[in-house]
Every structure is written in C-alpha cells, then in structure tokens.
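J.: First, the structure itself, so that you have it in front of you.
The values are calculated or read from the model by the stated rules, or taken from the named source; none is laboratory data. None of these values were measured; they are calculated from a predicted model. Note that we place each Cβ from the backbone using ideal geometry, even for glycine, and neighbour counts take in every protein chain shown. Surface accessibility is based on the protein's heavy atoms, side chains included, excluding ligands, DNA and RNA. Shrake-Rupley method; radii C 1.70, N 1.55, O 1.52, S 1.80 Å.
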Amino acid sequence: MAAAESLSPDTSQGAAPHVPVLIDPLIEHAAPVSGHWVDGTFGAGGYARRLLAAGAERLTGIDRDPSAITGAAAMVEAFAPRLEVVPGRFSQMGELVEGPVAGVVLDLGVSSMQLDQAERGFSFMRDGPLDMRMASEGPSAADLVNEADEAHLADIIHFYGEERAARRIAKAIVKARPLSRTLELAEVVSSCLPKPRPGQVHPATRSFQGIRIAVNDEFGELIAGLEAAEGLLAEGGVLAVVTFHSLEDRVVKRYLAARSGAAPRANRFAPEQAAPPAPFEPITKKAVAPTEEETAANPRARSAKLRMARRTGEAGGEVDRAQMGLPGPKHWWKG
C-alpha cells in the first residue's frame, strides 16, 4: 500500500494488516492474561493471536466485515476449539457473546487490509467504487455524497474530518455530482485545497475520513460498543481500546473518565458534583503511545493511542452522551 495514504490526518498507513498495534503494552498491563476474551474488531486476527498466545483460554472475535469472517477460517481451525469468530458489530457483543468475560479489546478505524482493497472504496489512492461500507450493507459513500444536501455534507466533513475547508469542498462535490468512483471524489476535494508539501497528508484525507465515519456511524457504534463492553465484562475484567485519531481518543478518554468516577463539570468555575458510580478504574493513567521502535517497524502505529481500564463491581448508570466529546451538533447525539 502507498505509504503516503492515511486513514486520518493523524495516521500513516504502511504496515501489513496483521500487525497488531500496541499489543505489547496491552498484554503487559493486562497480565496475567487468562479466561475468555472478546476481540470486537477481529480483522486479520492479530490481537486475537497474541492474546491466545499470552494465555487467554478462549477468544471470541467479532467483525462486521464479511471478508474478515471468511478470512478467519484457517485461524479458527488452527486454534480450535479456543477461537470462534462471529459476524456482527462490536456494539452487539452482549447479544453475540455469553458473559461475563475477562477482557475486551477494540482496535478502532478502518484496517490496512480494507484500504488495500480498492473495490471496498476506502482509498483515495486507488480507483474503486465509492463505497466505504465496513459491513457491505446499507447506504454507501456514493449515496451520501450524491444525495445529502450541501449543508449536511459540509457538517459531516467539518465535524468528522476536521476539515477547515469543508463548506468549499461540499459546494464543489454538489456541483460535480453524480460521483461514483473514489478517485473522482479525491480529485474534486483536491481541487479545493493547496497542493501538499512533501511529507503532508493527501488533500482528500480529512474529507474521506469524515465521509467514512458518517457512512459507518462510527461514533454511534463506539459509544454503544463501550457500553456493551461495560455490561459484558466480569468484575476485574479488562477493557483495552486502541484509537488512531484525536476524535476517537477524545470520546474514549471522556467515557473512561466518566465511568471511573470523574464527575463532569460544565466549566472549570462550576461547583464539583458528587462522584457518580464508578464501574471502571483506570489501568493506564494516560494514553499509551507507541515506542520509536514500534513506529519504525509498523508505520500504522504512529498516531495510535491505547487506553485501558478494569471493571469494578459497581453497576453503571446511564451514559450522558452530551459529555462524551462526540463531534457534531449536540442534537446528533440525543438518545
């Protein structure tokens, strides 16, 4: 895969898809690894393989990408009967897996494997159908860019892609419609922005990120997945989440802070509130970043962050999504 392509403004992709990012500190902080684990983003099985080798007695992998399920067959056979892989979203883990479990790992975002497959429509460096669906069902990126009104398209690119030129780009997209190919969209976006200097990301990076997030409802899935993990974990169970851009990391950080007993305040002058129930206690006090050695060996790790927490015996209350740092207008996250 082209080293210049990235799946977010923070993330350069150039590694083999099976290389699990930040797996060494994950296993170190989770030690001793034992019991039944869930890999909610199975992909090519990199995390699952290492967790099974580290001592997990059983592991259930979940993935909404049909190609990941098909590709897992040989690994399932090799690790039988300790490994099973089931189709679904990680937000559904409470329905797909019998709990309680000893650990849950989530590796967020699009995989290098998906970027490498031009026909999946994630890549702005390879020509393919404008798809971007992780589950290969529901509305595609082509549906979104060709049917959304200009204002909504601009909001998606601005809030999810953190693109300052979102309104100019949305206007150009509407003018160029209909669009059906990834390189068509990349060319339209690039025409709205200055030519990048050496070392800068591709001009379409942020717009593609925003559209992909919207197509797959990645933030709705993330919050629902964190809630599902909380409900499935046994007391003492470990939650580990690897993020690849600042928007994801902000949501995970705020969720774990809120669920670890930190009472949110509207601003720093507001009075402190009583601490809410704490269904988690932090394992990592702050995000764990990759070492220089890992980044050199696996460029995908460059912007990755790992956050981990341990399930307590406390029952969790309802999550206030308005406090979770979800991007976009607040009305997007009601309910």
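J.: Considering only residues of the stretch 29-72 that are open to solvent by 50 Å² or more (accessible area, probe 1.4 Å) and polar (S, T, N, Q), which is farthest from residue 134 (Cα to Cα)?
T.: Looking only at the stretch 29-72, we keep the residues that are open to solvent by 50 Å² or more (accessible area, probe 1.4 Å), and these are 29, 31-32, 34, 49-50, 53, 57-58, 66, 70-71.
Checking the rest, the ones that are also polar (S, T, N, Q) come to 34, 70.
Details: 34: 30, 70: 14 Å.
Within the stretch 29-72, the match that is farthest from residue 134 (Cα to Cα) is 34.
J.: Could you check the stretch 286-318 and list, in sequence order, the residues that are charged (D, E, K, R) and either closer than 15 Å to residue 259 by Cβ or part of a helix (DSSP H, G or I) (or both)?
T.: Within the stretch 286-318, the subset charged (D, E, K, R) is 286, 292-294, 300, 302, 305, 307, 310-311, 314, 318.
Selection gives 292, 293, 294, 300, 307, 310, 311, 314, 318.
J.: Could you tell me which of the residues 193, 185 is open to solvent by less than 10 Å² (accessible area, probe 1.4 Å) and either modelled with pLDDT of 95 or more or among the charged types (D, E, K, R) (or both)? If you could, list the steps in order and put the result at the bottom.
T.: On the way: 193 fails: open to solvent by less than 10 Å² (accessible area, probe 1.4 Å).
Result: 185 is the single residue among 193, 185 that is open to solvent by less than 10 Å² (accessible area, probe 1.4 Å) and either modelled with pLDDT of 95 or more or among the charged types (D, E, K, R) (or both).
J.: Now, a different point. Go through the residues of the stretch 241-258 one by one and say whether even a single one is closer than 30 Å to residue 99 by Cβ, hydroxyl-bearing (Ser, Thr, Tyr) and part of a helix (DSSP H, G or I).
T.: Looking for residues that are closer than 30 Å to residue 99 by Cβ, hydroxyl-bearing (Ser, Thr, Tyr) and part of a helix (DSSP H, G or I), one finds at least one in the stretch 241-258, hence yes.
J.: Can you tell me which residues in the stretch 33-75 are without any contact (Cβ under 8 Å) to a residue 24 or more places away in the chain, more than 27 Å from residue 216 (Cα to Cα) and part of a helix (DSSP H, G or I)?
T.: Those that are without any contact (Cβ under 8 Å) to a residue 24 or more places away in the chain, more than 27 Å from residue 216 (Cα to Cα) and part of a helix (DSSP H, G or I): 53, 74.
J.: Tell me, please, whether a residue that is among the acidic types (Asp, Glu) and not in a loop (DSSP other than H, G, I, E, B) can be found in the stretch 156-174.
T.: no
J.: Scan the stretch 86-108 for residues that are of a type in the set (A, V, I, L, M) and under 19 Å from the mean Cα position of the chain (by Cα) and report the count.
T.: Taking the stretch 86-108 and keeping what is of a type in the set (A, V, I, L, M), we get 86, 93, 96-97, 101-102, 104-106, 108.
This time we only want the ones that are under 19 Å from the mean Cα position of the chain (by Cα), so: 86, 93, 104-106, 108.
Number of matching residues: 6.
J.: Looking only at residues in the stretch 175-210 that are part of a helix (DSSP H, G or I) and of a type in the set (A, V, I, L, M), which one is nearest to residue 128 (Cα to Cα)? Steps first, please.
T.: We begin by selecting, within the stretch 175-210, every residue part of a helix (DSSP H, G or I); these are 175-176, 182-190, 205-210.
Adding the requirement that they be of a type in the set (A, V, I, L, M) leaves 176, 183, 185-186, 188-189.
On the way: 176: 17, 183: 7, 185: 11, 186: 11, 188: 15, 189: 16 Å.
Per the stated criteria, the residue is 183.
J.: Can I ask one more? For the stretch 144-156, which residues satisfy the criterion of being free of Cβ contacts under 8 Å to residues at least 60 places away in the same chain and either open to solvent by 20 Å² or more (accessible area, probe 1.4 Å) or under 12 Å from residue 177 (Cβ atoms) (or both)?
T.: 146, 147, 148, 149, 150, 151, 152, 153
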